[in-house]
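The values are calculated or read from the model by the stated rules, or taken from the named source; none is laboratory data. What you see is a predicted model, and the numbers here were worked out from it, not measured in a lab. Cβ coordinates were reconstructed from backbone atoms using ideal geometry, including for glycine residues, and neighbour counts include every protein chain displayed. In case anyone asks, the SASA skips ligands and DNA or RNA and just uses the protein heavy atoms, side chains included. Shrake-Rupley method; radii C 1.70, N 1.55, O 1.52, S 1.80 Å.
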Amino acid sequence: MSGVTGTEKSTPHGGQWRSSVPFITLVVGIGTAVDALNYSLVISVFPFRLERLGYSDISGLVGWLLVIYSGAMVLSTPVVAIISEHTHSRRGIMLTGVFSLLASQLILMEAPSFWVMCIGRFFEGISSSIILTVGLSLICDTTPEKRLGAHLGMAMAGGSLGQLIGPAAGGALYARWGYRAPFVFGMIFTAVEFMGRVLIIENPLASQVVTPSESIEDYDQSPAASDMIQSERHLTIAPSNDPELSILGVVFRMMTSPRTLVALSIILLCSVTSLAADVTVPLHTQAVWGLDSAKVGLVFLAAMVPMLISSIIAGALCDKIGVEKVALLTLIAGIPWWGALTKQFSLVFFIVSFAIQSFFVGAVASPVVTELAAVTRGMKGVGYAHMYAAFNIVYGVGNTCGSIIGGQVYGHLSDGWIVICFINIGITTLCACLVFSYTGETPLLRRFTRPRTIPQQ
């Protein structure tokens, strides 16, 4: 018999592991993987479906399906963030995201026309905004600060895993069983993800307010809660008088924070470089070495495996040496490989350079999302969902801009690929300068320029 009410509280079955940080990280990681898997599964089969439905200008219609997906992400992300912060329930919104993803899969699988496919893509965009906004926020809610980078890195690695499996699986399933097969495959993994989200128990102590006259132990003495109190004790005390900001107030707080602006700028600029390269690599490798679509897929496969590893390594290093050092090292280390990609003497050299460059570019996301979490903790009235909503919007805008820039530069210049690589060198160098000057509680620039005190003899 304990607690505020003096009645015995029942412990949910498996409450200890269902509310544990590793399990929550696993579920969010599966969510990012399933999101990327479903996205990449269907992109490869859309042209065949549209052709079978009798449409012309297939590439243009596929482009509109991509735009609708990105637009749904951008439009739904602020709404998702506001609801998440006002209801203080991450799990419920994450379950809504699964239903949105299932709806999109069913609509796309049975769509009789292009416009119905657009509706399906819109629901898929909503689902993506939820996992990237609410899922990362849930990890921040439950993970101790000293281990946050590692867990965010593992969750972000799920996206690379999904992109690694999706294209090859989608093409193979379509060739063997037809158009519906990739969607059924995606639904199976979505069902697994749904079970994980159902099992999650959000840490209830994180939302309770403890007054000076009450001890933390007074709230719950169940075995699961006791373990959480001991290992996550700092999560049990929530501020009771944080101001409730309007959406304009939240945006103003973010816009007046140099660390926030720099972190979001890094995501924007790195997204531009990645997508500018991704949309033109197939054209470049086909023009220089005559690769077909299957062989181009192998080139991207070689790039995805390093990205899967690097985000995990970078996240763990953030907890040990700091986000500012990890971000700066990965950006600087990636610069020479953009130059190496301009060389055309060997396809093997190109693939190796592309893989190494992808390793370092893929590592940048982990320190950036960790930096955003650190900034949020010191920004009253701004929640994790607000911050990761901004991250999600900026990421989507960067992807769109990168696709347009890459296509236009490559299509209008005879040495388009070389120009893109040198543009990316300049952008990456700018990102490194911004990280050096502004990232971290004590940026590296300030450490180097800080006056040295001479000890008195």
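If a paramagnetic tag sat 7 Å from the Cα of Phe48 along the Cα-Cβ line, which residues of segment 281-314 would have the backbone N under 19 Å from that point?
So the set is 292-298.
Can you tell me the dipole magnitude for the chain around its Cα centre, using point charges on the Cβ only (Lys, Arg +1; Asp, Glu -1), in Debye to the nearest 20?
About 840 debye.
Need the C-alpha centroid separation for segment 340-364 versus segment 47-88, integer Å.
30 Å
Between Leu106 and Thr429, what is the label-to-label distance in nm when each label sits 7 Å out along the Cα-to-Cβ direction?
Reported label-point gap for Leu106 and Thr429 is 5.4 nm.
I want to verify the translational diffusion coefficient of segment 117-158 in µm²/s; compute it with Stokes-Einstein, Rh as the Kirkwood radius over Cα pairs, at 4 °C and 1.567 mPa s.
Using the Kirkwood radius from Cα pairs, D works out to 113 µm²/s.
Enter the accessible area of Arg49 (Å², nearest 10), with the probe set to 1.4 Å and all protein chains included.
40 Å²
Leaving out ligands and nucleic acids, note down the accessible area per residue over segment 371-440 with a 1.4 angstrom probe, in whole Å².
With the other protein chains kept in place, segment 371-440 gives 39 Å² per residue.
Under the rule a/c < 1.5 gives rounded, and otherwise a/b versus b/c splits prolate from oblate, where does segment 15-91 land using the Cα gyration tensor?
oblate
Loop sites only, by DSSP: take the GluC sites (Glu not before Pro) in the chain that have at most 12 other C-beta atoms within 10 Å and name the longest stretch containing none of them.
By the stated rule (loop sites, at most 12 other Cβ atoms within 10 Å), 245-457.
Quick check: pseudo-label points 7 Å beyond the Cα along Cα→Cβ at Val192 and Thr256, how many nm apart are they?
Label at Val192, label at Thr256, 4.7 nm between them.
Quick one: 3J(HN,Hα) in Hz for segment 262-272, Karplus 6.51/-1.76/1.60 with θ = phi - 60°, rounded, Gly and Pro as x.
Ordered by residue, 3J(HN,Hα) equals 5, 4, 5, 5, 4, 4, 4, 5, 5, 5, 4 Hz.
Under a point spin-label approximation (7 Å from Cα along Cα-to-Cβ), what is the Trp177-Val116 distance to one decimal in nm?
The modelled label-to-label distance comes out at 2.1 nm.
Please report the relative contact order for the chain, taking Cα pairs under 8 Å with a sequence separation of at least 6, and give it as a percent rounded to a whole number.
23 percent
Carbon and sulfur: what percent of the chain's accessible surface (1.4 Å probe)?
68 percent
When all protein chains stay in place, what accessible area (Å², nearest 10, 1.4 Å probe) is found for Trp417?
Only protein atoms counted, so the area is about 10 Å².
Which FRET efficiency, nearest 0.05, do Ala287 and His13 yield, Cβ-Cβ r, R0 60 Å? Numbers along the way, then the final one.
Values: r = 59 Å, r/R0 = 0.99.
FRET efficiency, Ala287 to His13: 0.50.
Can you check what the net charge comes to around Arg259, using other residues whose Cβ is under 14 Å from the Cβ of Arg259 (Lys, Arg +1; Asp, Glu -1)?
0
What ³J(HN,Hα) values, in whole Hz, does the Karplus curve 6.51 cos²θ - 1.76 cosθ + 1.60 give for segment 400-411 when θ = phi - 60°, with x put for Gly and Pro?
These are the phi-based 3J(HN,Hα) values: 5, 5, x, 4, 5, 4, x, x, 5, 5, 5, x Hz.
Say the dipole of the chain comes from +1 at the beta carbon of Lys and Arg and -1 at that of Asp and Glu; which of Tyr39, Pro282, Ala72 then lies farthest toward its positive end?
Of Tyr39, Pro282, Ala72, it is Pro282.
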